[in-house]
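The values are calculated or read from the model by the stated rules, or taken from the named source; none is laboratory data. Bear in mind that the values here come from a model prediction, so they are computed numbers and not experimental data. Positions of Cβ are backbone-derived with ideal geometry, glycine not excepted, and every protein chain shown enters the neighbour counts. All accessible areas refer to the heavy atoms of the entire protein, side chains included, with ligands and DNA or RNA removed. Shrake-Rupley method; radii C 1.70, N 1.55, O 1.52, S 1.80 Å.
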Amino acid sequence: MRMSRYFLPVLKEDPAEAAIVSHRLMLRAGMIKQSSAGIYSWLPMGYKVLRKIEDIVHEEQAKAGHMPMLMPTIQSADLWRESGRYDDYGEEMLRIKDRHDRDMLFTPTAEELITDIFRSHVSSYKDLPLTLYQIQWKFRDERRPRFGVMRGREFYMKDGYNFDLTKEDALHAYNRHLVSYLRTYERMGLQAIPMRADSGPIGGDDTHEFLVLAETGESEVFYDSAVTDLTFGDREIDFDDVAQCQSIMEEFTTKYARTDETHDEALFNEVPEERRRTARGIEVGQIFYFGTKYSDAMNAKVQGPDGKPVAVHMGSHGIGVSRLLGAIIEASHDDKGIIWPEGVTPYHVGIVNLKQGDEEADTACESLYKEFTAAGLEPLYDDRKERAGGKFATMDLIGLPWRITVGPRGLKNGVVELTSRKTGESTEMTPAEAVARVKDIYAGA
Ligand code: 5CA
């Protein structure tokens, strides 16, 4: 992409309405624009990162054997009356009437609709286990939408649903999701700690939230600092291996880590004092096992091995896809702007031409641009006739992890400069070396 043709409406001033850094930086970097309270348009760069996050979620779901699909955002109230949640959900649910005066709603989650699809098409235990998911817009009429995309009213969510014959099988699905989520967040450069939580309107007793530690997080959390030493890394996982998933689940959930909803002071005091931490966290996902809550209410049964009908065991599993942009920025920024982790960066490398119009500089930039593109990487080339200071400030603000600076003076010695956004370190090298270095970095990312 050439900056001269890009739609990147960066703001010079800090917007007054933004109380936290991620919201401020997303507005300043021209990623989103508020349309009404808690509802945003995603401008090209914001949309690009959203898609990258979505891609990672899809890839990791595929590895776990879960199937993508898509359900509508507008649903009939009838299914929600069957489960009893039409009344329970309260004012958070956006209720709509169609022209025939029928009650409709904008989906806040989709347990009812997926259960209806399941009961219409699956009738035998032989078709289990089954896990279906979607990434779709949700609406919750939050009392206090705030912090930009972190607590929106309209937000983008991955929601997945497992159907199993027995509780034991459903608990494997729960563990499988936990394992797959750990890997998903790590690929985005995040440490998200599974914490025992409260299930709220979804229901059930078994639930974990995934929290990214950040001062601006909305949840108060209590944990044993040993949990922050755990990393998932690039272990080989067989998602059908019940014992392997269970042992990873135990590794990550046995140490004390709870949100304020389930915090137990007496248990917490058993953690050695020097390891006890109280902090704040951003909830980027949650997994639930709720047994037969919906299958009982909605009569979703399959024929069991003995020929008798049994209600299926279910769970649901969510990732806050749009919230993740905010969480990643909260975890990775400095006073100049965003610092994208390589896994989600909108463009792999920025090219800054210090003297647009200088024949040699222009030619060198064009050839870098072509080489990166040919290598399957996406460069963002600042080809505007702007002062170098302004170009650097924009690059720092939008936070691409790597920048190549090209100017007539360096080119006289055959070199350009490669700069890391994170460390600020710059190294001179030939253009060919710079291309090779950046290719290497992303080959390993
Ligand atoms: N049906 C279940 C699992 S699919 C469910 O709805 N779970 S949830 O309520 O925990 O939502 C899943 C994730 O969506 C949350 O962990 C959070 O990251 C994200 N989320 C929830 N509400 C909002 C909101 N108002 N704005 C942005 N993200 C949100």
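Remark: for residue pairs Lys126/Lys158; Lys255/Lys336; Lys158/Lys385; Lys52/Lys301; Lys52/Lys167, the C-alpha separation exceeds 32 Å in Lys255/Lys336; Lys158/Lys385; Lys52/Lys301; Lys52/Lys167.
Take every pair of alpha-carbon atoms less than 8 Å apart whose residues are at least six positions apart; their mean separation over the length of the chain yields a relative contact order of 16 percent.
Summary of the geometry: the range 405-445 and the range 154-178, compared by the centres of their Cα atoms, lie 45 Å apart. When Leu368, Leu213 are compared by accessible area of protein heavy atoms, the largest-first order is Leu213, Leu368, using a 1.4 Å probe.
Distance from the Cα centroid of the range 53-122 to that of the range 245-291 is 29 Å (rounded to whole angstrom). A probe of 1.4 angstrom, applied to the heavy atoms of all protein chains, finds Leu171 with accessible area near 60 square angstrom. Split the chain at each of the trypsin sites (Lys or Arg not before Pro) in a DSSP loop with at most 13 other beta carbon atoms within 10 Å, and the longest piece is 236-384. Here the range 347-443 has 49 percent of its accessible surface on carbon and sulfur atoms, given a 1.4 Å probe and all protein chains in place. Pairs of C-alpha atoms in the range 347-443 farther apart than 22 Å represent 17 percent of all such pairs.
To the nearest 20 debye, what charge dipole does the chain have about its Cα centre, counting +1 at the Cβ of each Lys and Arg and -1 at the Cβ of each Asp and Glu?
1580
When the C-alpha to C-alpha distance is required to be over 30 Å, the pairs from Lys138/Lys370; Lys48/Lys97; Lys12/Lys355 that qualify are Lys138/Lys370; Lys48/Lys97.
What is the antiparallel percent of DSSP beta bridges lying wholly in the chain, to the nearest 5?
On the way: 71 of 84 bridges.
In the chain, DSSP labels about 85 percent of beta bridges as antiparallel.
Put simply, the convex hull of the Cα atoms in the chain casts, on average, a shadow of 24.7 nm².
Overall dimensions of the range 1-120, expressed as equivalent-ellipsoid semi-axes from the Cα gyration tensor (√(5λ), whole Å, largest first), are 35, 22, 13.
From the largest down, the range 109-228 spans 49, 36, 27 angstrom on the principal axes of its Cα atoms.
Say a site is exposed when it is one of the GluC sites (Glu not before Pro), sits in a DSSP loop, and has at most 12 other Cβ atoms within 10 Å; what is then the longest site-free stretch of the chain? Provide the component values of the computation, followed by the final result.
On the way: sites that count: Glu13, Glu17, Glu215, Glu236, Glu270, Glu425.
No qualifying site falls inside 18-214, the longest such stretch.
Just add up the charged neighbours of Arg235: K/R +1, D/E -1, any other residue whose Cβ is under 15 Å from the Cβ of Arg235. Spelling it out: positives minus negatives among the neighbours equals -4. Measuring only protein heavy atoms, the 1.4 Å probe finds Thr363 accessible over about 90 Å².
Given a 1.4 Å probe and the protein chains as shown, Trp340 ends up with an accessible area of around 10 Å².
Count Lys and Arg as plus one, Asp and Glu as minus one, and take only other residues whose Cβ is under 11 Å from that of Val21; the net charge is then -3. On the principal axes of its alpha carbon atoms, the range 64-114 extends 41, 24, 18 Å, with the longest extent given first.
Ordered by 1.4 Å accessible area with all protein chains kept, Thr231, Thr253 run largest first as Thr231, Thr253.
Can you work out the accessible area per residue across the chain, with the rest of the protein chains kept in place, probe 1.4 Å, in square angstrom?
45
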